[in-house]
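Take a look at the structure below.
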Amino acid sequence: MRVRVLAFARVAEILGWTRSEIELSAGSGTDDLWQRLVTAAPALAPLADSTRIARNGRVVMKAEPLAQDDEIALLPPAGGG
Amino acid sequence: MRVRVLAFARVAEILGWTRSEIELSAGSGTDDLWQRLVTAAPALAPLADSTRIARNGRVVMKAEPLAQDDEIALLPPAGGG
Amino acid sequence: MFSITRDAIDPQVLAARVTTAECGACVTFAGIVRSMSDDLRPVTGLQYEAHDAMAVSEFERIAAEARERFGECRIAVQHRTGDLAIGEVAVVVAVASPHRKTAFDACEYVIDELKARAPIWKKEHYASGESSWRENDCHTQTPSGRA
Amino acid sequence: MFSITRDAIDPQVLAARVTTAECGACVTFAGIVRSMSDDLRPVTGLQYEAHDAMAVSEFERIAAEARERFGECRIAVQHRTGDLAIGEVAVVVAVASPHRKTAFDACEYVIDELKARAPIWKKEHYASGESSWRENDCHTQTPSGRA
């Protein structure tokens with residue numbers, strides 16, 4: 001299963017990319033994806049509480065199973081305006 | 001003693017003019033001027049409570065003596081904006 | 001920063017005039033001639049007149065009060081007089097400040113007080129051919145100089 | 001009425017877009033790049049990025065909330081992304097309504113909520129050569145999807 005991940009602001013700087021396609025085993029959820037990203041970039045770990053995860057444009061309130069071609073966005077705290 | 005009188009809005013329509021020079025006897029006050037205007041245009045009388053009088057750019061709080069060349073403005077309730 | 005004009009008002013000109021490099025927020029209020037009166041009569045146009053000098057003095061006083069109440073900010077006020085058509089801008093209040101709360105509060109205060117206190121008058125012309133001078137609600141009843 | 005753009009924003013265009021013949025009031029908020037950060041460091045410029053589609057959806061939700069809370073009004077929101085210099089407009093909220101109280105309240109609500117909720121991020125670049133991502137105060141703490 002392949003999902004598209006969008007990273008923004010501080011999170012993008014830590015990951016070193018703003019968009020990436022990531023291959024996950026079937027049945028993986030948003031929590032597994034986050035864990036995968038933290039393993040690759042441990043500096044992400046402290047941002048766990050402040051980073052919201054959106055799946056296909058909607059912020060997920062707790063871990064959700066992923067589906068092929070999902071768009072997952074990693075959203076740091078808002079700073080607009 | 002001669003004063004310059006400016007009238008606005010409804011008051012100007014009743015008086016039939018927007019500016020006029022009026023000759024008053026020495027010692028006259030804003031109250032005498034108002035009375036003079038009401039005599040000439042009785043339809044002004046009902047506007048007594050709502051019309052403020054300004055002398056040289058300042059609203060007078062009670063009757064004040066007039067001086068030669070004063071500018072007296074007759075101000076209906078505000079309607080700007 | 002404070003004026004009465006017979007010409008069309010450009011809100012953007014006032015906004016630019018108040019905004020400096022220290023300002024993060026600019027709030028602009030534009031009062032526009034509506035096609036309908038408060039009592040729901042179709043309006044064809046408005047006519048404004050003012051005691052220009054006294055109106056400008058009142059704008060200055062109101063702006064000083066706003067700065068005292070809400071904090072440092074830059075304020076511009078322009079009101080138009082003469083005949084205005086539907087959709088034309090009758091008055092603009094522009095306020096710029098480092099933070100937005102001050103700008104919002106000051107802008108609303110200035111237009112509220114302007115409507116209540118500034119020596120400016122408005123005549124509504126109706127589709128029926130009638131017309132009438134419209135008074136704003138006035139929260140301060142000032143004594144007059146008649147007695 | 002709601003958009004993210006990489007081009008310069010003209011507040012007057014948004015104001016004109018929301019104003020109809022029924023509107024007597026138009027309140028416009030412009031957020032401008034300041035020369036000084038909140039912690040008083042000299043700023044040379046800002047860099048904004050956004051999740052464009054989610055930001056626009058959030059603008060729409062916030063505007064619907066504002067209409068429900070404060071009454072019928074027309075609302076436009078535009079936020080810029082990319083590199084902005086001091087004095088440039090980062091965001092504009094324009095609200096037009098028959099009466100001014102609705103326009104003021106709705107405009108302030110929209111910018112307050114936009115800053116708290118919209119997926120938009122700002123990096124400040126300082127005269128010192130340093131830079132940092134700045135977060136707004138967020139009154140709604142939304143749970144995340146990690147556990």
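For this structure, a couple of remarks:
- Highest-fluctuation residue, D:Arg74, D:Arg41, D:Arg17 considered, GNM on chain D with Cα pairs under 10 Å: D:Arg41
- With R₀ fixed at 22 Å, the C-beta to C-beta distance from A:Trp17 to D:Asp52 puts the FRET efficiency at about 0.75.
- Separation between Cα centres of the range D:1-19 and the range C:1-15, rounded to whole Å: 21
- Overall, the range C:17-147 carries a charge dipole of about 140 debye about its Cα centre when +1 sits on the Cβ of Lys and Arg and -1 on the Cβ of Asp and Glu, all other atoms neutral.
- Remark: mean inter-chain Cβ contacts per residue of D:29-39 equal 6, using a 10 Å Cβ-Cβ cutoff to other protein chain atoms.
- Spatially near lysine pairs across the protein assembly as shown, Cα under 17 Å, sequence gap of 8 or more or different chains: 5
- Distance from the C-alpha centroid of the range B:1-39 to that of the range A:44-64: 75 Å, rounded to the whole angstrom.
- Here r is the Cβ-Cβ distance between B:Met61 and C:Asp39 and R0 is 30 Å; the resulting FRET efficiency, rounded to 0.05, is 0.35.
- Using alpha-carbon coordinates, inclination of helix A:30-40 to the longest axis of chain A, degrees: 60
- Packing, taken as the mean count of other beta carbons within 10 Å per residue, orders the peptides D:45-51, C:82-88 from highest to lowest as D:45-51, C:82-88.
- Shielding by partners - mean other protein chain Cβ count within 10 Å, residues of A:46-57: 3
- Taking Cα centre as origin and charging only the Cβ of basic (Lys, Arg, +1) and acidic (Asp, Glu, -1) residues, the dipole magnitude of the protein assembly as shown rounds to 40 debye.
- Within a Gaussian network of chain C (alpha carbon springs, distance under 10 Å), most fluctuating of C:Val95, C:Val77, C:Val13: C:Val13
- Most mobile listed residue (B:Thr30, B:Thr18, B:Thr39) in chain B, GNM with C-alpha springs under 10 Å: B:Thr39
All of the numbers you see were taken from the coordinates with simple rules; none came from a lab. Being a predicted model, the structure only gives us computed values, none of them experimental. Cβ atoms come from the backbone with ideal geometry, glycine included; neighbour counts cover every protein chain shown.
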